[in-house]
Amino acid sequence: MATKGSSLRHDAWMRLRKNSMATASLFFVLLIIIACFFVPIVGDWTAPNDADLSATENDTIQYNTHWFKPSNYQNLDNKFATPSREHFLGTDQVGRDLLARLLLGGQISILVGLVSTTIAGIIGITYGAISGYLGGRVDNLMMRIVDILYGLPFLVIVILIALLFSAYTREASEFIITSWGWDSELVLKFANLIPLFVAIGSIGWLTIARITRAQALSIKKLEYVEAARSLGLSHYSIMLRHIFPNMLGPIIVYATLTVPGFILAEATLSYLGLGVQSPNSSWGILLQEGANYMETQPRLLLIPSLIFSLTLLALNFLGDGLRDALDPKAAKD
Amino acid sequence: MTFTRMHSSFTLLTIAILSSLFSSCDKQNHVDEATKDNILIIGNSGEPADLDPQVVTGVLESNIITALFEGLCGQHPSNDGEHLPGAAISWSPNDNFTVWTFKLQPNGKWSDGNPVTTQDFIYSYERILHPKFGAKYASMLYYIKGAEDFNKGTTKDFSNVGVRAIDSHTLEITMRAPIPFLPDLTKHYTWYPVPKHIIEKHGGMVAKNGEWTEAGNLVSNGAFTLSKWVLFDRIECIKNPLYWDSPTVQLEGIHFLPISNAYTEARMFFNNQLHATYTLAPELISYSKKKYPENTKLDTYLGSNFLRLNVTQPQLKSIHLRKALGHAVNSQAIIDNILQGGQEQATGLVPNMGEYQAAKEMFYDPELAKEHLAKSGINPSELKLTLLTTDREGSKVIAEALQDMWRKTLGITINIRQSEWKSYQKAMSDLDYDICTGGWIGDYPDPTTFLDMWKKGDGNNRTGWSSEEYERQLTKAELTEDPLQRIRTLEDAEKVLLGETPIIPIFWYTQCYLKHQSLKGWHPLILNNQPYKFISLEQIATVPEA
Amino acid sequence: MLSTILSRLCQGCIVVFLLLTLTFILIRMMPGDPFTSDKALPPHIKEQNEKRFKLNESEIIQFKAYLTTLAQGDMGISITREQPVTKIIKSSFPASAILGFAGIIIAIGVGVPAGILSALRKNSFIDYGTMILAMLGISVPSFVLAPILASNIATNIPFLKVAGWGGPFDWFLPSLTLGLATAAYLARITRGGMLETLNQDFIRTAKAKGAPALRVIIKHALRGGIIPAIAYVGPAFAMLMTGSFIVETIFQVPGMGQHFVNATKELDFFLLQGVVIVLGILIVIGNLAADIALVAINPRLRESN
């Protein structure tokens, strides 16, 4: 059994490798992740003019010589700067470095995608597996509940969850800052995001639940599950030992496909003013702000859109490639 | 079977598209088309809540209602201080401005031919003040003697309210105190008459069902009358031939389009689909100024943008800290770099208007700011303040700029908390904030429209601040008979307010909007309440080209 | 068949009722109230307005009162505008229906052929090319795509307007923006469905027997491969009709999507409840229509029912 499993996985990997689009996408996604999460670490993040306050007034800004200076601070005197050695992609409407915002925004967007998917995955898989495995009336009821939730106005839920959680997260973050002495900026940054994770995640589990249920329904009819049941194993151990592991492949694939969907959901929420809140920014915020300057400063819309769309495209292709590679039925030829 | 159905629908759609191809092709330039027909097309930034002057509270409703209805006094097309005859042909106050007498137009008519009489006005005032009607803007009529008591239900009898019919065309209004600015008030839609006979037909005085304001039912006394209202799509008004001054009216009609997206509105203007807008997004101002300099209008507007400080917050109890925060704000930088709408740096709350001289208490002075911070004895690193803001009118960008200014000048780190609109309003009312962005648009050109709200317990105060001295000055002003002396006292009151700095004025608004060259007679007005009857459209040879 | 439809409709009624109940509860949990605004209302006026909408009563009494009027076909009056909710829905339904219908036609017209094509030429350049194009629909947010279409396409083609809702020409750009995203999902689902069917034994047998390729595809593969796509189209249609807030505001379309966002933001309880009922009914009908279509295409399902 064990060797067969690993060879299956090996086959899948080989199939993925053969799919040149998926491989290219994989590299692109890795590149974006590295850029967003590691490049900012090596950059110089001190605010301009911080050391010398009089500098702004005399208009002689001291630039230090660090090779990468992606300051995320404002500099109203230097807004809409065109790309240069100081600012590789130029600056935005309040003089912030666009590249810096793109990288920092990418961190948030990717985090939203990953964390929300994890939350949605945990809820959805558990719910779907229980529904599919138990079947019958319970299944019918549980799926009707999913139907109802599908129809709920998404925005109401998001605003509500964001508000309910923001009250708690604010208290919690104050507690952490005062009693544990953590860096307040960092704590607040994350506290700010938790409502969004929960809001998107708690809506997004519905589709995953449906897919998991379908998987569970088909797996539980297979001989070895029947065998396990006739041996008198408990529901719990059947689900944990037999159903879950066999569902994992397709579910991971769908999760990959969910990540771009959630990144897009965050962008849409930000467009409506309900997404990531200041001082955080995300790709969604950049796109929304950029769209406002479409006529005047197309660069502010085009560069973020390009990165955003390419990343989403790559994630989608990667997901499709993974599905083609892992789906045993498609694998027959 | 589904496919065949879809197929047939698709064919239908194709036919529909083809058939309209020829009819639509010649309508490329909507503005020129409309100009030929003498129809004004205006982008009106949103769907009105209603067209009932006594129900609505917003500016965009006012834009339509001023076309349909007319108050006692009329708006001059270019001079804010001058009052033209409206529904009243003449008016006069007594010596101390406590009793005003209005003579109505002898041939004033509703658009269905019925005469506009004193009874319509008295009926309207009773309606808006009726406790059961629950008009949100009833307080605009509290200047009438006894009005507040009647509205609050303390007196049940409307005859206790100071409005009286001397005859069918003479109206006498008794004020609660000397009110020299009553003609200005009567230009506000809350003071407009509504047709008694129509309202009685559709449910009576206190009924609210939106029935009488439907196209076909609505009867008005203004230069135009409602001909079509398609919800969220368009409102069409046509010239009212029975209007007393109808020879003056040049336009055949006005179309108001409820375009809620400011960028869409601007795009539609640039694409020649609109003659004018009432707004222009800040992000588009510099673009529009460069590309369409003749069309971009930045006019002074009766509004003030300021920060509220929650004076019940322990650290903000210090006046020195509040002043330090105030003097560290470089308003000019915000105006030049973010707003770009030609706004004026606010040195006080009330902008210059008429005789009122704006205060000069608040200005950018980093040294003074640091001095105040030192005097407050507060260590900047111990300060934990949050700036509450919302997602409207670029207030987020302003908040980020403020955050940066306070960090640079005072070394204070301030966190920004951005909330959606309702939560932001609620947090403000509950004093659940430290500092928050905000603004106020005046309802009528008198300083009290900005000053009354800072009284103790006023629903719009929202700072926790109050001062006996301030309220004493306001009361003194209200009892002053001499208009000039009254203004001076109000100026003193504002100094008391700014001296304690529960608010930090940032800028005085401008009205930024787009206007087509063919539009004549549209002049800058402080409330931008354009009297449409003086507006005309002229064919122009050149069309702005992108 | 008829009994199945009837029982599904009954289930649908329960779904709509529960949806309404949940919305009713959730919208009342939101902070603030419908009368919170930038200019505060005096307490006695606020009280009068709350009384008018029975908001001063307990939630249970409010719900009962709402259901009673609803049973008479009255959805109440919008709190933020003096209009009956039924009138608002009636006037915004046509635009939404047109937008949804045109959107779904574009989605099917683009998505299904793209999906079939890439499934037939799996891992070829045609596959990648069509999938890239299709996926651009999901990868470019509509609030970026819509203004770009408006300022770059509409200004250059004489009969297209940048925004506004007059004749059929004005339908094109909004439904294109709306349809492309759905087209992308549809292309993907069709591709997956087709791949699965093409790998099944009966197709292989048919191919091996030397049946003409095109006939095999149309007669056998498409029939099976299209099933997931049809299951998706039903609910997608409901979502297209009601979930088009962004497209509606950018192209100035007087549709229903804006009410979901605005009624939520302004806490217009009755308007939100009204549009949620419409959405629920549309979802139920959409699912039902998809099921019937599935049975029509695949007679084998009829027996299993």
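The values are calculated or read from the model by the stated rules, or taken from the named source; none is laboratory data. Not measured: the values here are computed from a predicted model. FYI the Cβ positions are ideal-geometry reconstructions off the backbone, even for glycines, and counts take in every protein chain you see.
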**OP:** Scan the helices (runs of 4 or more DSSP H) fully inside the range A:233-323 and keep the ones with 3 or more residues being away from chain B (no Cβ under 14 Å) and surrounded by 23 or more Cβ atoms within 10 Å (Cβ to Cβ).
**Re:** A:244-271
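From the residues in the range C:148-180 that are within 10 Å of chain A (Cβ to nearest Cβ) and surrounded by fewer than 24 Cβ atoms within 10 Å (Cβ to Cβ), which one is nearest to C:Ile246 (Cα to Cα)? Steps first, please.
We begin by selecting, within the range C:148-180, every residue within 10 Å of chain A (Cβ to nearest Cβ); these are C:148, C:150-152.
The next check asks that each one be surrounded by fewer than 24 Cβ atoms within 10 Å (Cβ to Cβ); those that pass are C:148, C:151-152.
On the way: C:Ile148: 13, C:Ser151: 16, C:Asn152: 18 Å.
Out of the qualifying residues, it is C:Ile148.
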Original post:
Of everything in the range A:17-44 that's surrounded by 14 or more Cβ atoms within 10 Å (Cβ to Cβ) and modelled with pLDDT under 80, which residue is nearest to the other protein chains (Cβ to nearest Cβ)?
Top reply: A:Asn19
Original post:
For the range C:147-182, what are the residues that are without any contact (Cβ under 8 Å) to a residue 12 or more places away in the chain, of a type outside the set (Ser, Thr, Tyr) and assigned to a loop (DSSP other than H, G, I, E, B)?
Top reply: C:Asn156, C:Ile157, C:Pro158, C:Phe159, C:Lys161, C:Gly166, C:Gly167, C:Pro168
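Quick grid of which residues meet (1) touching a residue at least 60 places away in the same chain (Cβ under 8 Å); (2) of a type in the set (Lys, Arg); (3) in contact with a Phe, Trp or Tyr (Cβ under 7 Å, 6 or more places away or on another chain); (4) exposed (fewer than 14 other Cβ atoms within 10 Å of the Cβ):
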| site | (1), (2), (3), (4) |
| --- | --- |
| C:Arg8 | yes, yes, no, no |
| C:Phe17 | no, no, no, no |
| C:Leu22 | no, no, no, no |
| C:Ile27 | yes, no, yes, no |
| C:Lys46 | no, yes, yes, no |
| C:Arg52 | no, yes, no, no |
| C:Glu57 | no, no, no, no |
| C:Ile61 | no, no, no, yes |
**OP:** State which residue is nearest to C:Val162 (Cα to Cα) when the search covers only the range B:235-267 and only residues that are without any contact (Cβ under 8 Å) to a residue 12 or more places away in the chain and not in a helix (DSSP H, G or I).
**Re:** B:Asn261
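Yes/no matrix, rows are residues, columns are (1) at pLDDT 95 or above; (2) more than 30 Å from B:His30 (Cα to Cα); (3) out of contact with any His (no Cβ under 9 Å at 6 or more places or on another chain):
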site: B:Asn271; (1), (2), (3): no, no, no
site: B:Ala276; (1), (2), (3): yes, no, no
site: B:Ser286; (1), (2), (3): no, no, yes
site: B:Leu298; (1), (2), (3): no, no, yes
site: B:Gln315; (1), (2), (3): no, yes, yes
site: B:Arg322; (1), (2), (3): yes, yes, no
site: B:Asn337; (1), (2), (3): no, yes, yes
Original post:
Got a sec? Which of B:Ser90, B:Ser124, B:Ser139 is within 14 Å of chain C (Cβ to nearest Cβ) and either surrounded by fewer than 19 Cβ atoms within 10 Å (Cβ to Cβ) or in contact with a Pro (Cβ under 8 Å, 6 or more places away or on another chain) (or both)?
Top reply: B:Ser139
Original post:
Across the range B:272-327, what is the total count of residues that are assigned to a helix (DSSP H, G or I), touching a residue at least 40 places away in the same chain (Cβ under 8 Å) and in the same structural domain as B:Cys436 (by TED's automatic domain parsing)?
Top reply: 11
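Within the range C:64-89, work out how many residues are assigned to a helix (DSSP H, G or I), touching a strand residue (DSSP E or B) at 6+ places or on another chain (Cβ under 9 Å) and surrounded by fewer than 20 Cβ atoms within 10 Å (Cβ to Cβ).
Adding up the residues that qualify gives 0.
Test of understanding: among C:Tyr185, C:Tyr128, which residue is among the aromatic types (Phe, Trp, Tyr) and in contact (Cβ under 8 Å) with a residue 12 or more places away in the chain? Step through it out loud before you land on a result.
On the way: C:Tyr128 fails: in contact (Cβ under 8 Å) with a residue 12 or more places away in the chain.
Just a single option satisfies the conditions, and that option is C:Tyr185.
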Subject >> B:Gln343, sole failed condition from (1) surrounded by 20 or more Cβ atoms within 10 Å (Cβ to Cβ); (2) within 14 Å of another protein chain (Cβ to nearest Cβ); (3) of a type in the set (S, T, N, Q) >> reply: (2)
Original post:
For B:Glu294, all conditions in the list (1) within 13 Å of chain C (Cβ to nearest Cβ); (2) surrounded by fewer than 22 Cβ atoms within 10 Å (Cβ to Cβ); (3) more than 18 Å from B:Leu60 (Cα to Cα) hold save one; what is the number of the exception?
Top reply: (1)
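Before we move on, is A:Lys189 basic (Lys, Arg) and under 21 Å from B:Gln418 (Cβ atoms)? It would help to see each step written out before you state the result.
Values: basic (Lys, Arg): yes; under 21 Å from B:Gln418 (Cβ atoms): yes.
So A:Lys189 passes the test.
Identify, from the list C:Thr264, C:Thr242, the residue that is surrounded by 20 or more Cβ atoms within 10 Å (Cβ to Cβ), among the hydroxyl-bearing types (Ser, Thr, Tyr), within 12 Å of chain B (Cβ to nearest Cβ) and on the phi < 0 side of the Ramachandran plot.
Numbers: C:Thr242 fails: within 12 Å of chain B (Cβ to nearest Cβ).
After applying the criteria, what remains is C:Thr264.
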Subject >> Matching residues in the range C:125-135 - criterion: being within 11 Å of C:Ala183 (Cβ to Cβ) and at the interface with chain A (Cβ under 7 Å from one of its Cβ atoms) >> reply: C:Met135
**OP:** Identify all residues within the range B:93-115 that are of a type in the set (A, V, I, L, M) and surrounded by fewer than 21 Cβ atoms within 10 Å (Cβ to Cβ); write none if there are none.
**Re:** B:Val99
Original post:
For the range B:478-503, which residues satisfy the criterion of being exposed (fewer than 14 other Cβ atoms within 10 Å of the Cβ), in contact (Cβ under 8 Å) with a residue 24 or more places away in the chain and either under 17 Å from B:Phe306 (Cα atoms) or charged (D, E, K, R) (or both)?
Top reply: B:Glu481
Original post:
With respect to A:Gly204, is the statement that it is of a type outside the set (D, E, K, R), assigned to a loop (DSSP other than H, G, I, E, B) and modelled with pLDDT of 80 or more true?
Top reply: no
Subject >> In the range C:245-261, the residues that are more than 8 Å from every other protein chain (Cβ to nearest Cβ) and aliphatic (A, V, I, L, M) >> reply: C:Val247, C:Val253, C:Met256
Original post:
Can you tell me which residues in the range C:222-274 are out of contact with any Gly (no Cβ under 6 Å at 6 or more places or on another chain), of a type in the set (Asp, Glu) and either closer than 30 Å to C:Leu198 by Cα or at pLDDT 90 or above (or both)?
Top reply: C:Asp268
Subject >> Odd one out for B:Pro178 among (1) in the same structural domain as B:Trp100 (by TED's automatic domain parsing); (2) more than 30 Å from B:Gly354 (Cα to Cα); (3) in contact with a Lys or Arg (Cβ under 9 Å, 6 or more places away or on another chain) >> reply: (2)
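For the range A:158-167: of the residues being facing chain C (nearest Cβ under 7 Å) and at pLDDT 70 or above, which is surrounded by the fewest Cβ atoms within 10 Å (Cβ to Cβ)?
In this case the residue turns out to be A:Leu160.
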Original post:
Of (1) under 32 Å from the mean Cα position of the chain (by Cα); (2) in contact (Cβ under 8 Å) with a residue 60 or more places away in the chain, B:Thr390 satisfies all except one. Which?
Top reply: (2)
